[in-house]
Amino acid sequence: MGKIPVLDIGCEVRELKPQMMDAIEKVLDSGAFIMGDNVKAFEREAAEYLGAAHAIALNSGTDALVIALLAAGIGEGDEVVTTPFTFFATAEAISRVGAVPVFVDVEPDTFNLDPGRLETVLTAKTKAVIPVHLFGHAVDMDPLLEMAARYDLKVIEDVAQGFGGEYKNRKLGTLGTAGCYSFFPSKNLGAYGDGGLLVTNDPDLAERAAMLRTHGSRKKYYNELIGFNSRLDEIQAAILRVKLPRIEEWNAGRRLAAERYRACLSGLEGVTLPEEKSYAKHVYHQYTLRIADGKRDELQAGLEAEGISSIVYYPLPVHRLPVYAPSLWDLPTAEALAGEVLSIPIWPQIEAETQLWISEKIKQSLR
Ligand SMILES: *Cc1c(COP(=O)(O)O)cnc(C)c1O
């Protein structure tokens with residue numbers, strides 16, 4: 001077998017190329033490259049698919065978080081609770097709006113922010129919480145939403161890794177105040193460049209977000225707020241419109257691949273497989289193992305030697321990065337996970353044979 005990547009995006013690109021070339025050509029012929037028909041149609045289609053009242057297409061998932069926070073009135077002096085076990089952008093967005101990220105430890109099985117610990121970090125300054133549906137598995141939202149209602153907190157869902165994932169049969173990103181998605185190419189729904197989306201059921205928040213996207217203006221040259229230039233471009237919107245109708249099928253492909261790994265790898269000593277809680281529909285953005293007894297790095301090197309790629313998401317929890325004053329925090333589960341996790345190859349079209357081979361090599365390497 002040739003070298004196996006963590007994500008083989010080529011499978012999809014090869015299949016979709018004729019449709020994509022056609023979609024891109026239509027944009028070129030239209031001469032409308034910014035805020036044209038494709039962006040508007042994609043917003044409608046994404047809102048309908050997700051079950052949200054409003055969708056605002058943006059130029060990245062990071063901007064979606066920043067704009068959601070600002071549109072929700074979060075800023076200087078506010079505290080925003082989030083998970084330390086996420087991509088840097090989640091905390092960065094909080095800092096970027098002048099607020100302070102407050103980290104709570106995660107659950108060892110879902111890798112997600114533990115709603116049971118939320119109350120321990122709340123202060124009079126806490127204004128919002130950002131749950132991150134990490135690797136495509138839902139955060140346990142009911143207890144989190146209940147706490148948010150009790151303390152009047154905004155809930156900004158980071159769904160960058162969970163497009164199409166569900167919590168109790170509702171799409172992730174539609175449960176809180178706003179949901180933020182990324183269309184970075186490797187995400188479950190990826191553009192062929194940068195992109196992002198904000199969804200909300202709050203019409204006022206939607207209006208503020210739409211203004212912030214375009215220099216704080218409703219009407220051109222009548223700017224009302226200090227905003228951004230954060231538009232999704234027409235070509236990316238056209239590409240996403242080709243891909244959106246396929247997302248259920250692709251997420252089903254990831255779920256099938258996860259079942260196959262479970263069949264191959266369960267019962268292996270020192271290896272904990274990802275699980276799906278009864279409240280969640282996991283969309284396996286990553287298939288992430290926990291490897292006990294300090295054997296993770298050895299396993300990764302062993303797989304690399306066999307031509308099998310794997311990635312550590314994340315080698316440092318966010319609170320361990322120098323910008324967040326590591327000495328302030330005591331977050332033992334996130335730190336333990338950083339030393340144990342290993343994400344192995346998964347994509348919608350991965351073949352059973354490839355997974356069997358990978359599983360065999362994992363077993364051999366741990367023997
Ligand atoms: C990818 C990602 C982001 C940032 O999205 P971009 O589109 O790359 O800006 C934010 N949060 C999480 C959890 C992510 O995985």
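Residue-level check: of (1) part of a loop (DSSP other than H, G, I, E, B); (2) within 25 Å of the chain's Cα centre (by Cα); (3) surrounded by fewer than 22 Cβ atoms within 10 Å (Cβ to Cβ), Gln300 misses just (1). Mind listing just one residue for me: the one in the stretch 331-362 that is part of a loop (DSSP other than H, G, I, E, B) and touching a residue at least 60 places away in the same chain (Cβ under 8 Å) and, of those, surrounded by the fewest Cβ atoms within 10 Å (Cβ to Cβ)? So the residue we want is Gln349. Applying a threshold of 7 Å to beta carbon distances and a minimum spacing of six or more residues, or different chains, the list of pairs starting in the stretch 171-193 at a residue that is more than 20 Å from Ser230 (Cα to Cα) and β-branched (Val, Ile, Thr) and ending at one that is assigned to a loop (DSSP other than H, G, I, E, B) and more than 8 Å from the ligand (Cβ to nearest atom) reads Thr174/Gly51; Thr174/Ala52; Thr177/Ala72; Thr177/Asp202.
Please go through the stretch 320-349 and pick out each residue that is touching a strand residue (DSSP E or B) at 6+ places or on another chain (Cβ under 9 Å) and within 27 Å of Glu15 (Cβ to Cβ). Matches in the stretch 320-349: Ser343, Ile344, Pro345, Ile346. Within the option set Ala138, Ala64, Ala71, Ala124, being more than 30 Å from Arg44 (Cα to Cα) and not assigned by TED's automatic domain parsing to the domain that holds Ala336 holds for one residue only, Ala124.
For (1) of a type in the set (Phe, Trp, Tyr); (2) buried (at least 16 other Cβ atoms within 10 Å of the Cβ); (3) out of contact with any Lys or Arg (no Cβ under 8 Å at 6 or more places or on another chain), each residue gets a yes or a no:
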position: Gly116; (1), (2), (3): no, no, yes
position: Glu119; (1), (2), (3): no, no, yes
position: Lys154; (1), (2), (3): no, yes, no
position: Phe163; (1), (2), (3): yes, yes, no
position: Thr200; (1), (2), (3): no, yes, yes
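Of the residues contained in the stretch 303-312, one or more are found to be among the hydroxyl-bearing types (Ser, Thr, Tyr), at pLDDT 95 or above, outside the structural domain of Val121 (by TED's automatic domain parsing) and in contact with a helix residue (DSSP H, G or I) (Cβ under 9 Å, 6 or more places away or on another chain). Looking at the stretch 121-128, can you tell me whether even one residue there is outside any loop (DSSP other than H, G, I, E, B) and either free of Cβ contacts under 8 Å to residues at least 24 places away in the same chain or more than 14 Å from Val80 (Cα to Cα) (or both)? No, the stretch 121-128 contains no residue that is outside any loop (DSSP other than H, G, I, E, B) and either free of Cβ contacts under 8 Å to residues at least 24 places away in the same chain or more than 14 Å from Val80 (Cα to Cα) (or both). If I go through the stretch 121-136 residue by residue, how many of them are within 25 Å of Phe228 (Cβ to Cβ) and crowded, with 23+ Cβ neighbours inside 10 Å? Residues that pass the stated criteria total 6. When Leu70 is tested against (1) more than 22 Å from Ala128 (Cβ to Cβ); (2) within 16 Å of the ligand (Cβ to nearest atom), exactly one condition is not met: (1).
Restricting attention to the stretch 80-103, and to residues there that are hydrophobic (A, V, I, L, M, F, W, C) and touching a residue at least 40 places away in the same chain (Cβ under 8 Å), which single residue is surrounded by the fewest Cβ atoms within 10 Å (Cβ to Cβ)?
At the first step, the residues of the stretch 80-103 found to be hydrophobic (A, V, I, L, M, F, W, C) are 80-81, 85, 87-89, 91, 93-94, 97, 99-100, 102-103.
From what is left, the residues that are touching a residue at least 40 places away in the same chain (Cβ under 8 Å) are 80-81, 85, 87-89, 91, 103.
Values: Val80: 26, Val81: 25, Phe85: 27, Phe87: 19, Phe88: 15, Ala89: 23, Ala91: 26, Phe103: 23.
Across the stretch 80-103, the extreme among qualifying residues is Phe88.
The set of residues from the stretch 303-323 being under 24 Å from Phe103 (Cα atoms) and either exposed (fewer than 15 other Cβ atoms within 10 Å of the Cβ) or within 16 Å of the ligand (Cβ to nearest atom) (or both) comprises Ile311, Val312, Tyr313, Tyr314, Pro315, Leu316, Pro317, Val318, His319, Leu321, Pro322, Val323. Taken as a whole, the structure leaves Gly77 outside the set of residues that are without any contact (Cβ under 8 Å) to a residue 24 or more places away in the chain and more than 18 Å from the chain's Cα centre (by Cα).
Look through Tyr284, Tyr261, Tyr279 and report the one residue that is surrounded by 18 or more Cβ atoms within 10 Å (Cβ to Cβ), away from the ligand (no atom under 16 Å from the Cβ) and either assigned by TED's automatic domain parsing to the domain that holds Met141 or of a type in the set (Phe, Trp, Tyr) (or both). Full working, then the answer.
Numbers: Tyr284 fails: away from the ligand (no atom under 16 Å from the Cβ); Tyr279 fails: surrounded by 18 or more Cβ atoms within 10 Å (Cβ to Cβ).
Testing whether each residue is surrounded by 18 or more Cβ atoms within 10 Å (Cβ to Cβ), away from the ligand (no atom under 16 Å from the Cβ) and either assigned by TED's automatic domain parsing to the domain that holds Met141 or of a type in the set (Phe, Trp, Tyr) (or both) leaves just Tyr261.
For Arg117, the criteria (1) touching a residue at least 24 places away in the same chain (Cβ under 8 Å); (2) away from the ligand (no atom under 16 Å from the Cβ) hold in every case but one, which is (1). Checking the stated criteria, Gly190 turns out to be assigned by TED's automatic domain parsing to the domain that holds Gln19, within 16 Å of the ligand (Cβ to nearest atom), closer than 19 Å to Phe42 by Cβ and surrounded by fewer than 23 Cβ atoms within 10 Å (Cβ to Cβ).
The values are calculated or read from the model by the stated rules, or taken from the named source; none is laboratory data. Everything numeric in this text was worked out from a predicted model, so none of it was measured. All Cβ positions, glycine included, derive from the backbone under ideal geometry; neighbour counts span all protein chains shown.
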